[in-house]
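A.B. asks: This is the structure I have questions about; it appears just below.
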Ligand SMILES: Nc1ncnc2c1ncn2[C@@H]1O[C@H](COP(=O)(O)OP(=O)(O)OP(=O)(O)O)[C@@H](O)[C@H]1O
Ligand SMILES: [Mg+2]
């Protein structure tokens, strides 16, 4: 039996009076890459925010290592071992590459990730270590955002729109490191606009539509047409 690391249970969440998630049940197993797909506004980011404490929910709606963590503070959830690579990277742009990475390592769990290891994953960051965030390309910023998340030595890493707005060559570079991250023992949820790409790297996927799960399983179980229908609701 796979070991369930992270799970949501009838997860409902939203913003004030606006409900964005209507009872999401999903699991992430150890060693797994789970693709989370769905059209704009489906609730993918809200799901990641609920899991990381940025959007509130009831404590029993999210479990990590079997423990209820729903509604806990973001810093506490981060320390438990869940790291988010947020949409839009959100670096400290006045700080250098290295300073941004070091911030990611504050309160880190013990584990394999270190500055040196991040630099061997993304050699361009080693060259740019003294550069400020403002001097980086979008792809380099995304590498810093991923490195910063890894510096916490998380058990789970959540990528929100990992390749959005990046050039194809850069996307290839970013995807090339994904197996290395997973091999280091980190499990991942991957939110991605490019459905084919997401499904090609994922063990399982969940498709969301208007705050609910419309399809879930292994990519090989469904035809492209079935996935498209679940995506657009046609
Ligand atoms: N801060 C917010 N305040 C109010 N409503 C919000 C907020 N953020 C998102 N929403 C709404 O919640 C719903 C789900 O949004 P969410 O950002 O989770 O979707 P998404 O699947 O990540 O979409 P996208 O692909 O555009 O990133 C949408 O209807 C959106 O308009
Ligand atoms: Mg989003």
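A.B. asks: Identify the residue in region 176-216 that is at pLDDT 95 or above, in contact with a strand residue (DSSP E or B) (Cβ under 7 Å, 6 or more places away or on another chain) and part of a loop (DSSP other than H, G, I, E, B) and, among all such residues, is farthest from residue 10 (Cα to Cα).
C.D. replies: 186
A.B. asks: Does region 24-46 hold any residues that are within 9 Å of residue 211 (Cβ to Cβ), within 14 Å of ligand 2 (Cβ to nearest atom) and not in a loop (DSSP other than H, G, I, E, B), and which are they?
C.D. replies: Scanning region 24-46 gives a single hit, 46.
A.B. asks: Hey, another quick one. Please work out which residue is farthest from ligand 1 (Cβ to nearest atom), limiting yourself to region 141-175 and to residues that are within 22 Å of residue 115 (Cβ to Cβ) and in a loop (DSSP other than H, G, I, E, B).
C.D. replies: 153
A.B. asks: What number of residues within region 66-112 are in contact with a strand residue (DSSP E or B) (Cβ under 7 Å, 6 or more places away or on another chain), on the phi > 0 side of the Ramachandran plot and either loosely packed, with under 14 Cβ neighbours inside 10 Å or without any contact (Cβ under 8 Å) to a residue 60 or more places away in the chain (or both)?
C.D. replies: Total satisfying the criteria: 0.
The values are calculated or read from the model by the stated rules, or taken from the named source; none is laboratory data. Keep in mind that this is a model prediction, so the values were computed, not measured. Cβ coordinates were reconstructed from backbone atoms using ideal geometry, including for glycine residues, and neighbour counts include every protein chain displayed.
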